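For reference, the structure is listed below as structure tokens.
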Amino acid sequence: MSTAHVLLGLLAGGPRHGYELKRSHDERLPRLKPLAYGQVYATLGRLERDGLVEPAGQDRDGGPDRTSYQLTEGGEVALSDWLATVERPAPFVTGALFVKVVVAILVSGADRARSYLVAQRQAHVQRLRELTAVKTDPTASLGEVVAADYAIVHLDADLRWVQNTLDRVADLHTEIRG
């Protein structure tokens, strides 16, 4: 994820200061890791340095001065270009699930991998239940529903891989014993 591009997208709705950007990020992207204030302000500094945002004013609102930022023309172009760029599928397998299964097979053979896969399947099914509750909650925001759908589809793919691998591990176990 590109924090800079997310902030540009949030600024497309109009000028905001760092606190508003952090709050908006965390509300609109509810399943992402919340942004730290330091990350927001450091990113705004880089965006300003690169000419993609500019100060739009200051307000105090009962506390320290807060600088609001707005997109520049260059920021609008950068955001538009980023939104039009298709994400390349990951060229490598990077999941811890995959790595643990392969290492379990290498270290302990089929039995350890099978035990791990069964336990992982249970954890995935529990998470699916939690996400289904989120997406079917009538008070859920569109962002929460879309995030839950995204996670559910990925968990479903993991579960299909887990079952496929359990079948392969069973075949490996049969070959070794046979």
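The values are calculated or read from the model by the stated rules, or taken from the named source; none is laboratory data. This is a predicted model, so every value here is computed, not measured. For neighbour counting, all protein chains shown are included, and Cβ atoms are generated from backbone atoms with ideal geometry for every residue, glycine included. The accessibility values were calculated without ligands, DNA or RNA, using every heavy atom of the protein model including side chains. Shrake-Rupley method; radii C 1.70, N 1.55, O 1.52, S 1.80 Å.
Counting Lys +1, Arg +1, Asp -1, Glu -1, what net charge surrounds Arg114 among other residues with beta carbon under 11 Å of its beta carbon? Charge balance near Arg114 sits at +1.
For the chain, the share of accessible area belonging to carbon and sulfur comes to 55 percent (1.4 Å probe, ligands and nucleic acids excluded). The Cα-based radius of gyration and maximum Cα-Cα distance (Dmax) for region 75-175 are 18.3, 59 Å. Distances between placed amide hydrogens fall under 5 Å for Ser68 paired with Ala56, Gly57, Gln58, Asp59, all partners being 5 or more residues away or on another chain.
In the chain, helices alone account for a calculated mean residue ellipticity at 222 nm of -23000 deg cm²/dmol, with every DSSP H run of four or more residues adding -39,500 (n - 2.57). Remark: relative contact order (the chain) = 19 percent; criterion is Cα-Cα distance under 8 angstrom and separation of 6 or more residues.
For region 35-86, the relative contact order comes to 28 percent (Cα pairs under 8 Å, sequence separation of at least 6). For region 1-41, the dipole from Cβ point charges (+1 on Lys and Arg, -1 on Asp and Glu) about the Cα centre works out to 80 debye, to the nearest 20. Bridging of Lys100 to aspartates and glutamates at a Cα separation below 16 Å is possible for Asp111, Asp158, once same-chain residues fewer than 8 apart are set aside. Distance from the Cα centroid of region 23-77 to that of region 108-178 is 37 Å (rounded to whole angstrom). Specify whether the C-alpha gyration tensor of the chain places it in the rounded, prolate or oblate class, a ≥ b ≥ c being the square roots of the eigenvalues: rounded for a/c under 1.5, otherwise prolate if a/b is larger than b/c and oblate if not. Prolate, since a/c reaches 1.5 and a/b exceeds b/c.
Positive contributions from Lys and Arg (+1) and negative ones from Asp and Glu (-1), summed over other residues with Cβ under 13 Å from the Cβ of Thr3, come out at +2.
Report relative contact order for region 104-178 in percent, whole number only (criteria: Cα-Cα under 8 Å, sequence separation at least 6).
Numbers: 38 pairs, mean separation 28.2, N = 75.
Computed over region 104-178, the figure is 38 percent.
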